[in-house]
Amino acid sequence: MIQQQLRQLLPEREVDPSAALALLCGSAAAAVVWKWLGKRQIQKKMEEAQRTRDEGVKKMAKAVQQFREQVPSVQTDAILSLPLLELTGRLREGSLSPKIVLYTYLEKALEVTQQTNCVRHFIPECEEQLQEIQRQREKGLLYGIPISIKDHISHKGHLSTCGLVQCLGTPAQEDSVLVKVLKRQGAIPFAMTNVPQSLFNYDCSNPTFGQTLNPFNHQKSPGGSSGGEGALIAGGGSILGIGSDMGGSIRLPSSFCGLCGLKPTAERLSLSGAGVPVGGIVAVRCALGPMARDVDSLALCMKALLCEEMFRLDPTVPPIPFNEEVYSSCAPLRIGYYDTDGYFPLPPCMRQAVQDTRGALQAAGHQLVPFSPPRIHHVMTELFLKTFFADGGRAWLDMFTGDTVDPNLKSQVNCCKIPRVGKKLLALILKPLFPRLADYLSALGGMRSVKEMWNHHHQIEAYRTEFIARWRELRLDVVLCPVLGPAFTTGYPGKLLTAISSTMLYNVLNFPAGVVPVSTVTEADEEELKLYQGCCDDPWDRTLKQAVAGAVGLPVAVQCVALPWQEELCLRFMKEVETLSQEKRAA
């Protein structure tokens, strides 16, 4: 049989069957060896990256130890407990030195990352930046403040990996615009934080640098994709961080870790130098934004970034400075609210947080108006998912070429690998039994023509127009709504991509949205969770119930939203929510 096939392939040659068979076997063996060598090369890259990180940790630990020997009487706890506004004041007046503050936070960051694996790489040039700010004539708004940045926000001389092996080769040639502005304002970038593989997950794990853990419960995820930032700040190892958000990646870690986080309008802060694995996605834009322990810290960071230096470095950013008058206003607000979007009902404690906050706002003199966001099912499947999987997921899958797929991403990767016809056929079969999964699979099939993509972009514009019209009809200033939480058990986010409906909506709309912690999960909340059925009582609802179980004591947050370019109003609303929740806890 083999001889006949060989003769058909080589009809004009005399074929020696044994030689040909040996050639085939040799080719197969060569292919196996080639594949093995490829895997070995990948393993070497990963090991080199891990070794570089570990050496960086050792060097930083040694530098901290030397500092402690030189200045043994530093009041570490007192410094770490200072809010950002007070810390900046102490640094500017000279009662605290930038060196003491930097090494205090470096020491704490080493401790936190040892427990949670949140720092991907320390930035040794922070010591050079420390010297640089002391030479500057004017003290910037963030003078002497140590700051952490998410892995993919470029810092000269360091990798921006996105958790991918293919990004382990070439360090950034220059700082991103935001890093340049932060440095000009006197901040000291000292750490780059861990992310999930490809950034497209709201857990925080990748094959090279491993799983990041929630500092409050090591069985739980810190969220993602800015999960390293969430864990480091919540653990006390950073006072201010910069994350990014394309579907909830600032707001979900803020929710899971009990932080305040702001996703601005995408173009409000420069994206220059913040790489993403799949470029060219413009229908739903990535946004960079701050994460911190309180709202005032977010406002100070935005004020520092929205300066002439950023507008000069990136002329594509609208030159709109921070409006302090709006942020400081005490005028009553007209607030729309909802506790469910009708697509993926959240656990009872998250919905109750909205209702409790609504009551507190009303008692404080604000006007609360019921609001219902339209057609979230359509937004998730037809607008959000089809934006990222317009090509059926091929560009995303290409990122894993020559890479090991992280276990937390395998279910998403496997769904993408199904041929388009298979996705459509499965969607047809599953529609009567599991409509949400059916629509998810159908969306992963992507689009088949440029005309279809243009129509898709038009649908997003039409939806924004419809949403704003409903907002204006009710004469709303802002909206109060839920955010996904409490923190998921590690491994679960990859099984529930569409559970992010509460956050992805405001990426599609490109509205500023922020998260504020308001309470914690109680034993009563845990009991009530047992009765949770979701909206369909299907496998996704049951998986969500499992994901959030065992969360007693973990943070519960709400989401605050404003119209585009109104970050100051969004922050002002967040500050009001924060103040009222703190008063309630103190009572």
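Residues within the reach of a label modelled at Thr404 (point 7 angstrom out along Cα to beta-carbon, backbone nitrogen below 19 Å), restricted to the range 144-182, are 161-169.
Annotation: extensible slack from Gln367 through Glu138 equals 78.1 nm (criterion: 0.36 nm per residue apart, minus Cα-Cα distance).
State the percentage of accessible surface on the range 91-219 attributable to carbon and sulfur atoms; use a 1.4 Å probe and exclude ligands, DNA and RNA. Numbers along the way, then the final one.
Working: 1950 of 4480 Å².
Heavy-atom surface of the range 91-219 belonging to carbon and sulfur, 1.4 Å probe: 44 percent.
Placing unit charges on the Cβ atoms only, positive for Lys and Arg and negative for Asp and Glu, gives the range 316-474 a dipole magnitude near 700 debye about its Cα centre. The order of the peptides 335-344, 472-481 by mean Cβ neighbours within 10 Å, most packed first, is 335-344, 472-481. The overall shape of the range 430-587 is oblate: from the C-alpha gyration tensor, with semi-axes ordered a ≥ b ≥ c, the ratio a/c is 1.5 or greater and a/b is no larger than b/c.
Where in the range 350-381 is the amide nitrogen less than 19 Å from a point lying 7 Å along the Cα-to-Cβ axis of Glu583? Once the point is set 7 Å along Cα→Cβ of Glu583, 353-369 turn out to lie under 19 Å by backbone N, inside the range 350-381.
Between the residues His458, Pro72, Ala234, the greatest Cα displacement towards the positive end of the dipole of the chain, with unit charges on the Cβ of Lys, Arg, Asp and Glu, is found for His458. Positive-end ranking of Val295, Thr387, Gly144 along the dipole of the chain, with charges on Cβ about the Cα centre, is headed by Thr387.
Each label was represented as a point 7 Å from its Cα along the Cα-to-Cβ direction; for Lys62 and Gln546 these points are 4.7 nm apart. At an R0 of 22 angstrom, the distance between the Cβ atoms of Asp391 and Thr316 translates into a FRET efficiency of 0.25.
Quick check: at a probe of 1.4 Å, how many percent of the accessible area of the range 411-468 sits on carbon and sulfur atoms? Please list the in-between numbers first.
On the way: 2260 of 3320 Å².
Heavy-atom surface of the range 411-468 belonging to carbon and sulfur, 1.4 Å probe: 68 percent.
Can you give the alpha-carbon Rg of the range 127-176 over 2.2 N^0.38 Å, where N counts its residues? Numbers along the way, then the final one.
Values: Rg = 13.9 Å, N = 50, 2.2 N^0.38 = 9.7 Å.
This ratio for the range 127-176 stands at 1.42.
Where only DSSP H runs of four or more residues are counted, the chain gives -14500 deg cm²/dmol as its mean residue ellipticity at 222 nm, each run worth -39500 (n - 2.57).
Relative to one another, the C-alpha centroids of the range 291-322 and the range 121-180 are positioned 17 Å apart. Once you reduce the range 69-91 and the range 363-382 to the center of their Cα atoms, the two points are 42 Å from each other.
Rounded, prolate or oblate: which one fits the range 434-496, using the alpha carbon gyration tensor with axes a ≥ b ≥ c (rounded when a/c is under 1.5, else prolate when a/b beats b/c, else oblate)? Walk me through the numbers before you get to the answer.
Numbers: a/c = 2.90, a/b = 1.06, b/c = 2.73.
Because a/c hits 1.5 or more and a/b fails to exceed b/c, the range 434-496 counts as oblate.
For the range 270-396, the alpha carbon positions stretch 47, 41, 24 Å along the principal axes, listed from largest to smallest.
Calculated accessible area for the range 354-490 comes out at 46 Å² per residue, all protein chains present (probe 1.4 Å; ligands, DNA, RNA ignored). Modelled spin-label separation between Leu428 and Leu85, with each label point placed 7 Å from Cα along the Cα-to-Cβ direction: 6.1 nm.
If R0 is 45 Å, the Cβ-Cβ spacing of Ser328 and Thr522 corresponds to a FRET efficiency of close to 0.85. Per-residue Karplus couplings for the range 195-207, computed as 6.51 cos²θ - 1.76 cosθ + 1.60 with θ equal to phi - 60°, are listed in order as 9, x, 4, 6, 6, 9, 6, 10, 9, 9, 8, 8, x Hz, Gly and Pro entered as x.
Projecting the Cα atoms of Cys535, Val518, Val508 onto the charge dipole of the range 505-545, computed from C-beta unit charges around the Cα centre, puts Val508 farthest toward the positive end.
For the chain, give me the percentage of DSSP beta bridges that are antiparallel, rounded to the nearest 5 percent. The antiparallel proportion sits near 70 percent. How would you classify the range 41-128 from its alpha-carbon gyration tensor, with a ≥ b ≥ c the square roots of the eigenvalues: rounded for a/c under 1.5, else prolate if a/b is greater than b/c, otherwise oblate? Since a/c reaches 1.5 and a/b is larger than b/c, the shape of the range 41-128 is classed as prolate. Rounded to the nearest 20, the Cβ-based charge dipole of the chain about its Cα centre (Lys and Arg +1, Asp and Glu -1) stands at 1000 debye.
Highest mean packing comes first when the peptides 214-223, 402-411 are listed by Cβ atoms within 10 Å, giving 214-223, 402-411.
Each peptide in 488-501, 195-208 gets a packing score, the mean of other Cβ atoms within 10 Å over its residues, and the list from highest to lowest is 195-208, 488-501.
Shape annotation for the chain: C-alpha extents along the principal axes are 91, 61, 49 Å, from largest to smallest. In this simple spin-label approximation, Arg92 and Arg40 carry label points 7 Å from Cα along the Cα→Cβ vector, and these lie 6.0 nm apart.
The values are calculated or read from the model by the stated rules, or taken from the named source; none is laboratory data. From a predicted model like this one, the values you see are computed outputs, not experimental measurements. Neighbour counts are summed over all protein chains in view; Cβ atoms, including those assigned to glycine, are modelled from backbone coordinates with ideal geometry. The area values use the complete protein model at the heavy-atom level, side chains included, leaving out ligands, DNA and RNA. Shrake-Rupley method; radii C 1.70, N 1.55, O 1.52, S 1.80 Å.
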